[in-house]
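Reviewing the structure listed below.
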Amino acid sequence: MNRICQLFGIQYPIIQGGMVWCSGWRLASAVSHAGGLGLIGAGSMHPEVLREHIRKCQAATDKPFGVNVPLMYPEIDALMNILVEEHVKIVFTSAGNPKTWTGFLKEHGIKVAHVVSSSKFAVKCEQAGVDAVVAEGFEAGGHNGREETTTLCLIPAVRRATSLPLMAAGGIGTGSAMLATFALGAEGVQIGTRFALTKESSAHENFKQLCLNLNEGDTKLLLKKLSPTRLVKGGFTTAVEEAEARGASVEEMKELLGKGRAKKGIFEGDLKEGELEIGQVASLFREMQTAEEVIKEIIEDFRKGYQAVTFGSSQK
Ligand SMILES: Cc1cc2nc3c(=O)[nH]c(=O)nc-3n(C[C@H](O)[C@H](O)[C@H](O)COP(=O)(O)O)c2cc1C
């Protein structure tokens, strides 16, 4: 059993990343039920909605699950109290300083992992006392690091910088990709895009179908002046690209983005006006599967890949 499985009490070191408008109790419980670790994405939920999702997840599975909390969440105090009141055991924080809340969560017996995009921040995680770190590369869907470091370069750098249990994220959708990150020093993977496109994801059908038909090069990292975000090209993204090309100011970009665009795109399926967040790896998948099918396929592929790299040449 590796350190990630041990830390979270799970069968496979596969984490389903917290994802706004995709990962409610249904997806999180399905992933946990299949032996991975499902995370409820609190970023798109009012505190009381989160409470409801936690209770439904507890009712749907007796396996461990967790909650992802982006630290820029506006009502963060209320949200943190709910995590404690509802006896959540695992929290993955992101988009903020790990020092702020790690102590509070750990005092309440909660295991904490934090998402970083550089080895510098991985060291800060270690100093803040987190239990594990997720290193997320440039390929990933959703909000992204400013450094634009790819997963292939980031994982060995973070491995060198810290001895914490390490999960790789960004561009991982298959067992062979998982195996590659293990060769670089990861002990688990956090997967977003592939789970966003499963049957249990709460994303709109239009969004899922669009993403299951993307080709290589169909996503782009934009909104760099605000918070770099990987988006599907076309629709609203074209307006963002045009504004960025003419050097629009931060204020102009904020106004163009407005409010509620991610909900509009991902949850309501408005492909023209919505913000469509997805990772580069989407172009590898064409079929909408269940979370359980995804996990089984990844584990099988991982094992086959392991045998191939270990014994491949001698079998010829
Ligand atoms: C639609 C979407 C929404 C996301 N929302 C969040 C979020 O709310 N909080 C967070 O920490 N990461 C978020 N992410 C990032 C994922 O948790 C995960 O780290 C990332 O998707 C991994 O890379 P991949 O997309 O290549 O699998 C999101 C990703 C996607 C695709």
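The values are calculated or read from the model by the stated rules, or taken from the named source; none is laboratory data. Not measured: the values here are computed from a predicted model. FYI the Cβ positions are ideal-geometry reconstructions off the backbone, even for glycines, and counts take in every protein chain you see.
Which of the residues spanning region 222-243 are surrounded by fewer than 16 Cβ atoms within 10 Å (Cβ to Cβ) and either in a helix (DSSP H, G or I) or of a type outside the set (A, V, I, L, M) (or both)?
Within region 222-243, 224, 227, 233, 234, 238, 239, 241, 242 meet the criteria.
All conditions in (1) away from the ligand (no atom under 16 Å from the Cβ); (2) of a type in the set (Gly, Ala, Ser); (3) in contact with a helix residue (DSSP H, G or I) (Cβ under 8 Å, 6 or more places away or on another chain) hold for residue 258, with the sole exception of (3).
With respect to residue 266, is the statement that it is within 21 Å of residue 142 (Cα to Cα), within 16 Å of the ligand (Cβ to nearest atom), modelled with pLDDT of 95 or more and touching a strand residue (DSSP E or B) at 6+ places or on another chain (Cβ under 7 Å) true?
yes
The residue that is nearest to residue 274 (Cα to Cα), counting only those in region 130-144 that are more than 7 Å from the ligand (Cβ to nearest atom) and in a strand (DSSP E or B), is 135. For residue 299, the conditions (1) more than 16 Å from the ligand (Cβ to nearest atom); (2) under 25 Å from residue 188 (Cα atoms); (3) over 19 Å from the mean Cα position of the chain (by Cα) all hold with the exception of (3). Scanning region 270-296 for residues that are small (Gly, Ala, Ser) and in a loop (DSSP other than H, G, I, E, B) returns 274, 279.
Of all residues in region 145-184, which are part of a loop (DSSP other than H, G, I, E, B), free of Cβ contacts under 8 Å to residues at least 40 places away in the same chain, more than 12 Å from the ligand (Cβ to nearest atom) and farther than 19 Å from residue 304 by Cα? Residues satisfying the conditions are 147, 149, 163.
Quick check, is residue 65 touching a strand residue (DSSP E or B) at 6+ places or on another chain (Cβ under 6 Å), within 30 Å of residue 216 (Cα to Cα), within 16 Å of the ligand (Cβ to nearest atom) and not polar (S, T, N, Q)? For residue 65, the condition - touching a strand residue (DSSP E or B) at 6+ places or on another chain (Cβ under 6 Å), within 30 Å of residue 216 (Cα to Cα), within 16 Å of the ligand (Cβ to nearest atom) and not polar (S, T, N, Q) - is not met. Here residue 171 does not qualify as at positive phi, crowded, with 21+ Cβ neighbours inside 10 Å and in contact with a Lys or Arg (Cβ under 9 Å, 6 or more places away or on another chain).
All of (1) touching a helix residue (DSSP H, G or I) at 6+ places or on another chain (Cβ under 6 Å); (2) more than 25 Å from residue 200 (Cα to Cα) hold for residue 302 with one exception: (2).
Within region 89-111, residues that are closer than 18 Å to residue 7 by Cβ sit with their Cβ atoms under 9 Å from residues that are at pLDDT below 95, at 6+ positions apart or across chains, in these pairs: 94/143.
Restricting 47, 74, 13 to those that are modelled with pLDDT under 95, away from the ligand (no atom under 12 Å from the Cβ) and either crowded, with 22+ Cβ neighbours inside 10 Å or on the phi < 0 side of the Ramachandran plot (or both) reduces the list to 74.
Contact map, region 224-236: residues that are within 15 Å of the ligand (Cβ to nearest atom) paired with residues that are in a helix (DSSP H, G or I) and among the polar types (S, T, N, Q), Cβ distance under 6 Å, separation 6+ or inter-chain. Pairs shown: 231/237.
Among the residues of region 195-221, the ones that are buried (at least 22 other Cβ atoms within 10 Å of the Cβ) and closer than 21 Å to residue 147 by Cα come to 1 in all. In region 252-276, the residues that are touching a residue at least 12 places away in the same chain (Cβ under 8 Å) and more than 11 Å from residue 207 (Cα to Cα) form Cβ pairs under 6 Å with partners that are of a type outside the set (Gly, Ala, Ser) and in a helix (DSSP H, G or I), at six or more places apart or across chains, as follows: 273/236; 273/264.
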